Structure formats: structure tokens, C-alpha cells
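Derivation of every value follows stated rules applied to the coordinates shown; laboratory data play no part. Worth saying up front: this structure is predicted, and the values here are computed from it rather than measured. When we count neighbours, we look across all protein chains shown, and the Cβ atoms used for this are built from the backbone with ideal geometry, even at glycine.
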Amino acid sequence: MRSYSLFAPAKINLYLEIIGDRPDGYHELSMVLQSIDLGDRLEIRANGTEEFRIHCQHPEVPCDRTNLAYRAAELLKTNYPEAFEQYGGADIFIDKQIPVAAGLAGGSSNAAAVLVGLEMLWDLGLTQPELQDLASQLGSDIPFCITGGTALATGRGNELEPLPDLEGLYVILAKYRSLGVSTAWAYQTYRQQFGSTYVRESTDLAARQQRVHSGPIVKAIALRDEMKVVECLHNDLEKVVLPEYPQVLKLRQTFEQFDVLGTLMSGSGPTVFALTDSREKAEQIRAQVQNTLGNPDLDFWIAQFINTGIQLAPGVH
Ligand code: C5P
């Protein structure tokens, strides 16, 4: 039986601006997304049955139909029934390293890996836009997870423009193990509290989108000016998540006390990250924050920016 082994990286948001409501019920966003080398490993193995089966040891990852990775497989089956008929189902093994419900697109990245893996397993020969279109149907972050790197994401977050690679930056991530934030809750709460500030006229929306394209963070990335990039870190969702979770606010404030280039909550949180220009510095900051907060529920990771999304990992058969 054929199988593919894939690396599915996490992402962080360097920028997240909520612009307004969309007719489809989602939010119109402007984001800068960045892949990092903290990631899950997936193995997609043809099983010669009529089933997809998810295998994952992580206690918070469901192995049933609610798993986004399972839904990715079902979506391909629905769209390519002849291929399913010919090749059959698959076992999907997930070695979970990305924290769950953390604002790091862990579930989305797993779904992206399943789309890429099954596409190869079933010899579908899809173009990148075809794969991206399927990914969009499953979740707003999944198209980015496929291609990865550094990108400007607009619309629901699924319209992507690649940006030049940012190199030489390291990230320390910190998350309370027992804390997860629902993305839907974060956006809903934002709408309740800040809906009156949303851009409503389509001309204003176009102007706002234009402003994003030539905005300071995009310019700084185009110039590969890392120091300027870190000055532009911004996440609108902090306005609802930090007041609701004081320990996340405290974590962000603690990072700020030390010699970091910048700090921010990623996506809908509750992961907070800080940027440094070396691994040694990142290790030092981790120790300082750990010592200051002294909380055994707090987990840390150190990662590097990478310029790819889903990749084939060694061990391909
Ligand atoms: O697209 P995804 O399923 O990842 O989104 C999760 C939830 O986040 C949505 O159900 C929606 O409530 C919210 N969301 C939003 N606007 C976006 C992306 C997500 O309101 N652009």
C-alpha cells in the first residue's frame, strides 16, 4: 500500500486587522501570515477499504468525523468519486506537535496535509488553484497552510499574495496548556463590541483594502526590513481575548519586559509569541519568562520562520 509522509507547519499572524462584515457571514480581514518550523507529521496510507480512519494520540484531538483532516478527505471523496472508487480510503496518522485551539492553525494545517497527500495518493493531477479552492471550502486558513511562507491574506483570509521571505527571525511561543480559545467566539465577541466601527460602504472597503496593500507592514516586508516589521505587529483580536483572559494579558506583558524585538497574540489566541534575532536570545527569553511566571501550566516552544507550507517528509514510499 502506498503512503506519504508530510510535514504540516504551524502559522503565526504578524498582522490581523478586522475590516468589516462579509455577505457570507464571515469577517473581511487583512492579515500577514508566517509559517514556522513547529509542525505536525502526518502519514497518509492507502488502506484498501472504503473508509478514512484518523489515528492520533493527543487527548484533545478527535479521531471522528469532526476532525478537519477527516472532513478534508471526505471533501476530496465527494469531488472525485471515481478516484475514491479506484484507490479507496486511507489511514491518516497525526503526530501532534502543534498545540490545539491555540491560534496556530494546527487543525487547518492537518487538513491541508490531507488534501496534498490524498491528491498525490489518488494521482489527481490538480493545479494549485484547484487545490486552493477546495481548501477554501473547508476553512479560511487552509489555503495558506498549503503554500505557507510569508503571505498577505485578505477576504476571509483565503485570498493570498505571497510576500518576500523573512529570514533570520526566531519565535518563542507560550501557551497555557489548559486554556483554549474558540475562533468563532473571538470573532463573534469582536462583532458585538466593535461592530459599529466596521467599514460598511463598498467604496470605503476598496479604499481600506488598497491601504493594506501599500501599508507599513507590507512595505517593511518588501524591503526585508525586519526591524520595521516588528514595529508593525498588530492583532485586533487581542482587544477581546486579552480582557477575557487576564493570564494571557499577563503573559504578553511579561514578554514585553524583556529584550524581545516584539510580542503579539497569534490569531484568536491564546498563544502569545515574541520575536528575537537569534536562537540563543530566544532560549534566554524563554528562561526569563518561565522564571518570572513560574507556572507549571505554561508550555514554551522555540521555532524559526520558514518559507514553505506542506512538505513531503523523509520516509515516502
Ligand atoms: O474558516 P474557519 O472555519 O477557520 O473559521 C472559524 C470561525 O471564525 C468561523 O466560523 C467564523 O465565526 C470566524 N471567522 C470569521 N471571519 C473570518 C474567518 C473566521 O468571522 N474571515
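Where the eigenvalues come from the Cα gyration tensor of the range 185-317, what are the semi-axes √(5λ) of the equivalent ellipsoid, largest first, in whole Å?
Three semi-axes, in Å: 29, 23, 17.
Pulled fully out, how much extra length does the chain show between D297 and C63, if you take 0.36 nm times their separation in residues and subtract their Cα-Cα distance?
Values: separation 234, 0.36 × 234 = 84.24 nm, distance 2.51 nm.
That pair, D297 and C63, stretches by 81.7 nm at full extension.
I want to check the label-to-label distance for D24 and S196. Put each point 7 Å from Cα in the C-beta direction and report it in nm to one decimal.
Rounded to a tenth, the inter-label distance reads 3.0 nm.
Taking the Cβ of each residue in V248, V218 as the centre, tally the other Cβ atoms inside 10 Å and list the residues starting with the fewest.
V218, V248
In the range 29-65, which GluC sites (Glu not before Pro) are in a loop and have at most 12 other Cβ atoms within 10 Å, using DSSP for the loop call?
Values: sites: E43, E50, E51, E60; in loops: E50, E51, E60.
Here the GluC sites (Glu not before Pro) that fit, given the DSSP loop and packing criteria, are E50, E51, E60.
Taking the Kirkwood radius as the inverse of the mean 1/r across Cα pairs, report the Rg/Rh of the chain.
That ratio equals 0.97.
Stretched out fully, how many nm does the piece from E161 to K219 gain, at 0.36 nm a residue minus the Cα gap?
19.5 nm
Can you give the extra length, in nm with one decimal, that the chain gains between R53 and Q247 once fully stretched, where that is 0.36 nm per residue apart less the Cα-Cα distance?
Going from the current span to full extension adds 66.1 nm.
Please work out the FRET efficiency for the pair K228 and E85, using the Cβ-Cβ distance as r and a Förster radius of 45 Å; give the result to the nearest 0.05.
Using R0 = 45 Å, I get an efficiency of 0.25.
Counting other Cβ atoms within 10 Å, keep those with at most 16, restrict to DSSP loop, and tell me which chymotrypsin sites (Phe, Trp or Tyr not before Pro) in the range 172-230 are left.
In loop regions of the range 172-230 (DSSP not H, G, I, E or B), the sparsely surrounded chymotrypsin sites (Phe, Trp or Tyr not before Pro) are Y198.
Whole-Hz ³J(HN,Hα) for each residue in the range 243-259, computed from phi via Karplus 6.51 cos²θ - 1.76 cosθ + 1.60 with θ = phi - 60°, x for glycine and proline: what do you get?
x, 6, 10, x, 5, 6, 4, 4, 4, 5, 5, 5, 4, 4, 5, 9, 7
Just add up the charged neighbours of G269: K/R +1, D/E -1, any other residue whose Cβ is under 15 Å from the Cβ of G269.
Details: positive: K11, K175, R177, K239, K250, R252; negative: D141, D236, E238, E244, D299.
Here the count lands on +1.
Which number do you get for Rg(Cα) / (2.2 N^0.38 Å) in the range 1-113? If you can, show how the numbers build up before the last one.
Working: Rg = 16.0 Å, N = 113, 2.2 N^0.38 = 13.3 Å.
That ratio works out to 1.21.
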